[in-house]
Amino acid sequence: MKILLVDDEPTYFEALIATLESNGIECITARDMTEGVKALQKHDVSAVVTDIMMPPGPSFSQVDANECGFHFIEHVQQNWPRLPIVCLSVIADQAKIRFLARRRVRYLRKGETPLSTAVEVITAVAEGRSVRPRR
Amino acid sequence: MDSQHSERTSEQELERLRTENAGLKQELEETRRSSTRYLQNVAHQLTAPLNAIKWNIEAIKDEKVPIPRKKNLLSSIYSQGTILVHLIKNFSLMSNLEADHELGQFRDQPERVSPLRLAINLAGDFEPQAAETSKKIEIRMLSFDRIFGDRDLLVVKNLVAQALSNLLENAIKYSTVGTTIDVEAVTAPVRETGKTYYGISVRNTGLPILPSEVKRLSDRGFRGNAAKQKIPAGTGIGLYIANRVMELHEGLIQVKPSGNETRMTLFFPASRIVDPIHKEEE
């Protein structure tokens, strides 16, 4: 099983990748929306994990970096409608969190979600299972 | 007639005050909103490295993660720690610098600092961060020899170290992967003051800075458009602090963009350059 991780701060993903890979999940990474879309065109992945604040990259330069993840999610859902998405970010605005819920995107709050929970949720989403985060 | 006129004047005055009041209220609201945004940004900047450290520790505790990966995670913890210390120093310096600037004097006594030694030490501190994106920091030794010889800077060491760190950090952050960041000693007459200054400059190739943005780069919280699009998270206080530090030393900071290349220089006046102490004087 292979998943795509999109974030411009790769240091965040080192621990996540190390843990996912030790559980037998192959990870590919992208640093911006352009790289993320290119990776999806090239690789067959089971799930996408994305941040919200990230650079759009050259192919989407008109997109605002602060909202880039939302554009990426919309783009992925238009072009790969069956691909499950996990959003790993810090979002203060409740309306935006509701937007993710409406789009069936699982939201994990960066910093407050333990690594083990993130790994559990991402693995379940990629396998097409439903999972409730541990309290 | 007179009373009618005075009534009209009072009404006009009242209306003027109402408009002024509404304007001030709006301004206050905008300031409140922008300081909330700023605080949220600062909180994010501080928690991001801490959260990365937390996850790294969790992964290190996981028995299934192989030892070589754990070593990488430890290096990453070290890097995140460096970033955090640097950020916290900037924030704590910020309030002190405001007070020092108003008083026009230093909190600590200026001391002799070798510009070359300072550049080497700081480059060493930032080397791991640069290496993460295959960048190198190169000190142009000969330029230091040519410009400063064995002379020192008479400055508040921790302030100037922080100013130079901020320049290095920006250069690493905004340069192209795989490029080299040059640190060199320079001297130049500065048009604004007509005097010759001596400085340490940091040059990098990467994100272009628009000439129209140069003047605003030292404003607190300001970040260039290209910078915000490439790296959305940032405090915009690095150059503000560097500028304040240089003003306290009667110097200045110069930003010279040229296409994809940016040179930022900390310029000191000749009065801050001191001859070495001879052995017998020590």
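The values are calculated or read from the model by the stated rules, or taken from the named source; none is laboratory data. Values in this document were obtained by computation on a predicted structure and should not be read as measured data. Glycine gets a Cβ as well: all are built from the backbone with ideal geometry, and neighbour counts include every protein chain shown.
Worth pointing out:
- Single match in B:D100, B:D108 (criterion: over 24 Å from B:G206 (Cβ atoms) and either surrounded by 14 or more Cβ atoms within 10 Å (Cβ to Cβ) or within 14 Å of chain A (Cβ to nearest Cβ) (or both)): B:D100
- Matching entry among A:G128, A:G111, A:G69 (being more than 14 Å from chain B (Cβ to nearest Cβ) and either farther than 21 Å from A:E9 by Cα or among the small types (G, A, S) (or both)): A:G128
- The one condition in (1) in a helix (DSSP H, G or I); (2) free of Cβ contacts under 8 Å to residues at least 60 places away in the same chain that A:L20 fails to fulfil: (2)
- Residue within segment B:78-90 that is part of a helix (DSSP H, G or I), within 11 Å of another protein chain (Cβ to nearest Cβ), without any contact (Cβ under 8 Å) to a residue 40 or more places away in the chain and over 30 Å from B:L154 (Cβ atoms) present: yes
- One residue stands out in segment A:32-56 among those that are touching a residue at least 24 places away in the same chain (Cβ under 8 Å) and charged (D, E, K, R): the one that is farthest from A:I97 (Cα to Cα), namely A:D44.
- Residue in segment B:33-53 that is away from chain A (no Cβ under 14 Å) and modelled with pLDDT under 90 present: yes
- Test result for B:R69, at the interface with chain A (Cβ under 10 Å from one of its Cβ atoms) and among the charged types (D, E, K, R): yes
- Within segment B:152-262, helices (runs of 4 or more DSSP H) holding 3 or more residues that are more than 14 Å from every other protein chain (Cβ to nearest Cβ): B:157-174, B:211-214, B:238-248
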